[in-house]
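The values are calculated or read from the model by the stated rules, or taken from the named source; none is laboratory data. What you see is a predicted model; the values in this text were computed from it and never measured. Methodologically, a virtual Cβ is constructed for each residue, glycine included, from the backbone with ideal geometry; neighbour enumeration extends over all protein chains shown.
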Amino acid sequence: MAVAEQAAAGLTAAAASHRGRAFGLDVRSTFDIPALSGGAGSSARLTVCHEQDAVDLERDWPRTGVEHPVDLRFPDGRLFMSIDRHPERGYRIWAPRHGRHVVSPDGREIRSALPRRSALGWQRLFFAQTLPLAAALQGLEVLHASAVGIGGRAVAFTAASGTGKSSLAAHLVAAGATFLTDDVLALEPGPDGALAHPGPARAGVSAHELRSMTAVGRDRLGRRVGSTDKPHFEPSQASSALPLAILFRLSRSSRFARLSLREQLPPEPKTVLGSSFLTYLRTRQRLLNQLAICERVTGSARLYDLEIPASVSAREAASFVLEHAKKVLGA
């Protein structure tokens, strides 16, 4: 039996001493995964994580029958991140200095080789790619979006990278909203629409945005846990999934003369489908999940296009959004 197969055979949920929740998954692990919620309750979606030596993990990964759907590189040719896929062994995610992870085809097992560096160094890859993939393989739909809770309902923001959705969400939390997730949003069909699950309790906020917050606002972001390209915080977050009530599609440009909001009537399905995360995952089941979530979101949530001039700060945009959301939600 291969090394990884022996590890998997010996790994049971009962053997995992660390437990938490994120992206709609119950996560049990043999190693500590900071920022996972300790919320009560259980889910039928269980993912068990096991730490493994990098040499053994690589030795066990197949050399034939492997597809290479993702190969991202820096301008000088150095590898930024690669993702390989094997029909029987699952997905192998690797980013130099950020760790290596193998996710089983059903998303129920993750084997991780962690780098010898600060926890933030490997958490970024784990929370941004590995755990969302496990959630998608178990039937949740994941969007490239940030979200907060207002009045017990989820308000989400989708946009191209660098537009400022994370900064907008951070300023909303500083203004009193509840943190839900930063950058990746896991959704599933609910009784009356779509349910938005909390992600890990991690929020990256630039030093510039921090300086524009009041002391009370910065305190609402929670404990500072370190820095990478920007400071990271551990905010208090929603303890359970919230019904998705509003979805904003953000765009920022110097071409915009003023901050403006337009409701999509009727809601545009491409706002949801165009925000799908992990676009390399193209199974039939994933497509069915995407269509089901799109139908639920466009049928129950209110969708808006929010245009933000380059001259308008994230704090100003957050104040505008908060006022509008409270009016819509009656909060």
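Descriptive notes on the structure:
- Residue count for segment 83-130 under the criterion of being under 26 Å from residue 226 (Cα atoms), among the hydroxyl-bearing types (Ser, Thr, Tyr) and assigned to a strand (DSSP E or B): the result is 1.
- A count restricted to segment 90-123 and to residues that are surrounded by fewer than 19 Cβ atoms within 10 Å (Cβ to Cβ) and out of contact with any Phe, Trp or Tyr (no Cβ under 7 Å at 6 or more places or on another chain) stands at 13.
- Test: residue 202 is of a type outside the set (A, V, I, L, M) and in contact with an Asp or Glu (Cβ under 7 Å, 6 or more places away or on another chain): yes
- Residue within segment 169-177 that is over 16 Å from residue 314 (Cβ atoms) and in contact with a Phe, Trp or Tyr (Cβ under 7 Å, 6 or more places away or on another chain) present: no
- Residue selected from segment 277-288 under the condition in contact with a Pro (Cβ under 9 Å, 6 or more places away or on another chain), touching a residue at least 40 places away in the same chain (Cβ under 8 Å) and not aliphatic (A, V, I, L, M), by the criterion surrounded by the fewest Cβ atoms within 10 Å (Cβ to Cβ): 280
- Test for residue 146: is it in the same structural domain as residue 232 (by TED's automatic domain parsing), hydroxyl-bearing (Ser, Thr, Tyr) and modelled with pLDDT of 95 or more: yes
- Where residue 146 falls short, out of the listed (1) touching an Asp or Glu at 6+ places or on another chain (Cβ under 7 Å); (2) free of Cβ contacts under 8 Å to residues at least 60 places away in the same chain; (3) outside any strand (DSSP E or B): (3)
- Number of residues in segment 257-276 that are part of a helix (DSSP H, G or I) and in contact with a helix residue (DSSP H, G or I) (Cβ under 7 Å, 6 or more places away or on another chain): the value is 3.
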